[in-house]
Structure formats: C-alpha cells, structure tokens
1. So what does Val123 come to for accessible area, using a 1.4 Å probe and Å² rounded to 10?
2. Step through the residues of the stretch 533-543 one at a time and calculate ³J(HN,Hα) from phi using the Karplus curve (6.51 cos²θ - 1.76 cosθ + 1.60, θ = phi - 60°), rounding each to whole Hz and writing x for Gly and Pro.
3. Mind ordering 218-224, 373-379, 75-81 by average Cβ neighbours within 10 Å, highest first?
4. In nm, what is the difference between 0.36 nm times the number of residues separating Glu314 and Ala214 and their Cα-Cα distance?
5. Please report the antiparallel percentage of the DSSP beta bridges confined to the chain, to the nearest 5.
6. As I understand it, the dipole of the stretch 138-177 uses +1 on the Cβ of Lys and Arg and -1 on the Cβ of Asp and Glu, about the Cα centre. Which of Gln160, His148, Thr173 lies farthest toward its positive end?
7. Using only the heavy atoms of the protein chains and a 1.4 Å probe, how would Ser483, Ser134 rank by accessible area, largest first?
8. When ranked by the protection proxy of mean other Cβ atoms within 10 Å per residue, highest first, what sequence do the peptides 467-477, 286-296, 200-210 form?
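The values are calculated or read from the model by the stated rules, or taken from the named source; none is laboratory data. Note that this is a predicted model, so its numbers are computed, not measured. Note that we place each Cβ from the backbone using ideal geometry, even for glycine, and neighbour counts take in every protein chain shown. Note: accessible area is taken over every heavy atom of the protein model, side chains too, but ligands, DNA and RNA are not part of it. Shrake-Rupley method; radii C 1.70, N 1.55, O 1.52, S 1.80 Å.
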Amino acid sequence: MPDKKDFLPPELGPLNIAPRVARPMHADDHWHSKPWYEAPHDNPALPEVYTYTDTISYDPGEEVVFHSSTTAPDWTLEIYRDGYEPETVHRVEAIEGKHSPTPPDAYRNGCNWPVSHRWRLPVDLPSGFYRVVSTCARANGGKFVQHHFFVVRPTEKTRQAKILMVLPTATWTAYNDFGGANHYFGIVGSEKNLPSPVLSLERPWTRGIVWLPAGAPRICADPLPEFGDAPRYAMKEWAFANGFGQYYAAAGWAQFDRHFVLWAEKEGYALDMITQTDLHYRPDLLDAYPCVTIIGHDEYWTREMRLSIEAYVERGGRLARFGANFLWQIRLEDDGKRQICHKFKAIDEDPVAGTDKAHLLSTAWEDRQVRWPGASTVGVNGLHGLYASWGGFAPHGQRGFTVYRPEHWAFAGTGLHYADIFGDQARIFAYEVDGLDYTFHQGLPYPVPVEGQPETIDILAMAPAVLAEDEPDGEGFRYYVRSSDHEGLVKCVTGEVTPEGLARYKYGSGMMVHMKRGKGEVLTAASCEWVMGLKRGDLFTQQITRNVLDRFVEV
C-alpha cells in the first residue's frame, strides 16, 4: 500500500506525454549543446492543458488568477496543500477549453495566455505550498496532467509556526526551460543554442520541478560505477525517456524541498512558507520567526535577499540552511515576474556593467566586480565547493561528512566521534556542495581568512569536492559538464583563465559550519542532498537536523 507521503490523487492518472523536442539528438552531440525543452504540441489530436498563475505567492483572501491554454474541449483544475497530509482545497470540473499559441519568446516575456479561472483564497487559509493540477482526458481512457503551484504567505492571523521556510524559487526559475530556455541552455541567438539571461515567471513550470514519480534518478552516482565503466548521467537518460525537463533533478519542490517538509511535518515541526520573491520584496515577514530555514538547492539570490537575511540574523534570528550552491547574484524586475542573470557573460552583456550599479552585476558573488563572498550570509561559498559524487566528479568519492568537532551541540545525542563519517549510506554528500578555503592545524580545519568573510565560522564537518570533471579516456566515454563552469568561474574571479587560476580553484569541499553573527547564528549543512538523509532514515542526519531546529526555535 503506498505511503501517504507519496500521495498523488489517483484520478490524475499517469504522466503520458513527452515535451516537444527542440532538435533531434545525434551521436556526436553533447547533451548541453542540443537542447530539448517543454512546450505545448498545439495538436488537437493530442489533448493537453497548461496553466500558470498571475504571481507566485498570495496572502489569504487574495484572488488567484489562472491563465491556461488547452487543445482539449474541457478540463479539470484541482488545488491541494501539499505535505505529509495533503488536503484538497479547491476543485473545478468541465472548464471550457480554449487554445492560445505559445509565443516564441515565452521563456523571456511570458505566455500571455487568457484568464481561465479565478479563485479567491479563504481568509483563514494556512501558509503552505499549494499544488495546481490541470487535467484533461485523452483517447482510450488516458489523461494529460500538468503541475503548477503557488505559495500562501503567513499573516498575523494565520501564522502557525516558529519556523519560516524560504523556498529557493529563484533557483527553480533558473532551471525552468518551459517555452525554450532557462539560464543554462536554450533556443536564443542566431544558432538557437544559447541560454536566456532574462526569464519570465509568467509561464508554466517544466515537468519535474513541481511533481516527480517515486524512483526518479537523483544527481548522484547510484549505484557506484564498476571498474572501467563509462560515465553515466542517469537523470538525463531518464528525463529524455520519460518526457521530463532535462534539468528536473537539479532544482525544485519535488526533488528537494518536499522531502524536508514530509519529514518535518511527520516529526511534528510546523512550517510556514514564503518564496524568495517574498524575501526580496517583503523582508518584514522574517521578523515574526525565531528560525528561518532554506533547503536543497539555493543557487540564485538577489542582493536584497542577502541583506535581509543578514539583518535578520544580526537582530537575533537563526538561519538553518540544509542546502548548497550559493553562487549567483540575480536581479528581479516587474514585481518579481522577471529574473535576470547573465552569469559568465555579465561583464560584457549585463547593462549595469561599468555603471554606478555595477555592484548589482548578475554574476558570481566572488566576481572581481562584486566581491561579496557567500560566507558573509551563510558561512560558506559556492566557489570553494561545487560538485561531488556523480559523473566525472569523484563518482567513487565520499558520500557523507567527516566529523571534526564532535563536541559541538549540533552533534549532541549522535554518538559521533572525531573522523567518523555520517550520512554516507544515505548518500547525503552529492551533486553540489559549498565550502571555504581552509587549512589544517593539529588535526582540525580552519577557514583561511578572506575579506568580507566573518571570523566566527567553525568548520564542524567536511568532505572533498571538485570544480571540473576528471576525464579518463575510454571508448564511448562522454562527459557532461566537463570544465566549462571551472573556466568560467576562474575568469569571473581573476579576469582571465590561466593555468595558475585553474589550479587554484580546481579542488574544493563541502562543509557543515556554524557561524555567529551579531545576536544571531547560522548553521549550514552545505550539500544539496542533505534531505536524502531525512528521507532515507539516516539516524545521524535526522538527529543533527532536530538539534538545529530545536535550538533555533527557542525564543
């Protein structure tokens, strides 16, 4: 019998449609050079329905406006609050089907579809993640199912928790390829092979960000490759075969945050939720909570978001961050409906380059034009961490954290000793991690001092990581990321790509750190896959997480 945590309303049926493929794949193509992406087929013979909302989050009592396009004669809309005990809150059947074309630049300027439905939220609706499920019938009893979401913010009247969970929606946006592009790849430019530095939130989410079936591969070499095996990227193979976004495994509610919510609610921790857009525009929402938590993959932040978190901690707030890859500065425009990140090309293409707003350059935080290390906010940096345990990134490497300061309160009740490794069986150290430049003294790691980095950081546990794939030769061997990020980041930081620069930033680490700042404190367990320790029942990871949350909710 399925566990209720894997809840999917049975009437929604299976996912049975692949996204439109932008180009055919050929044997000599690199995966990242020939994009496939999700977009409607626009074929009446294949009924489908896609929906998005007019914004990403709402207060109770506000009206949600749904925009849709469908080739079906009618369709059904269902909304439920997702979590350990999912609850349906709204359902409408037989909505008249209306088709609208998807603009060729929908990824940048939005879909501009007409309004299909309106729903005013109850004034007492609790904060949380609300999944929007659009369904239409197909021949032979089949169904087409599409998933969207919105978040209900807490108010003074509906607040029910001591923990405020900030969903890393800027990162979800960065990986959303619906309509033809995201911040990584796309159909932009004369050759239609470039990513888009500007992304719209007025479009559906690509398949896999909001919902995934059990067993979808994660970004971790699992099982371990055998001697002489060619590198495998199971998440790419599975996505292509099953009609999911090619970056489904990299970001999203389904892959990371939902696992934490299921565990936390089962453990009895109440959670209120906001998005990063709320953090940017409504930082006062933090003030009612002794603890703020961020989960999974939070790669993209605005300057305003960081300033808000740092001010919150300075005033006495506690930040519990169980995630990693703190790397890029972005900008939000049009009340958060547009996201901008030029990344490696920012110095040449970002309009703020060379102006009095150059500090807002949408590039890496350690870029020589920005120079604001992530450690100032979360205790670790993306540049000194990055990849572990997949592809050519130490696929046989350590899957857990090595403990160096077992006397710290975070390890209370675990029985862990110096040099013990925890979380390895649950594979919690994988995909992307954050770290610091460090040195050892008498067997203990210490951060190397860096301008802008607090001096109060203690390294509690760590493991090695790398910034570029090692590429052993072999017949049929193909590598995915290779050295592209390594070279790009080195150029951002130093201004050029040199052998010395590449050597300096080739190896990194993933760390668990504790940092005091002002009247508050930060605990970061900097691995995207930390949540797998909670889902897979790793007792050490679970107890450490309890220790952090229990301490941080104390008023």
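1. For Val123, the solvent-accessible surface is approximately 120 Å².
2. x, 6, 5, 8, x, 6, 5, 5, 4, 5, 5
3. On the way: 218-224: 18.7, 373-379: 26.3, 75-81: 20.6.
Result, highest mean Cβ count within 10 Å first: 373-379, 75-81, 218-224.
4. On the way: separation 100, 0.36 × 100 = 36.00 nm, distance 4.05 nm.
Contour length minus Cα-Cα distance gives 31.9 nm.
5. Details: 72 of 96 bridges.
DSSP beta bridges in the chain are roughly 75 percent antiparallel.
6. Gln160
7. Numbers: Ser483 40, Ser134 0 Å².
Accessible-area ranking of Ser483, Ser134, largest first: Ser483, Ser134.
8. On the way: 467-477: 13.3, 286-296: 21.3, 200-210: 25.5.
Result, highest mean first: 200-210, 286-296, 467-477.
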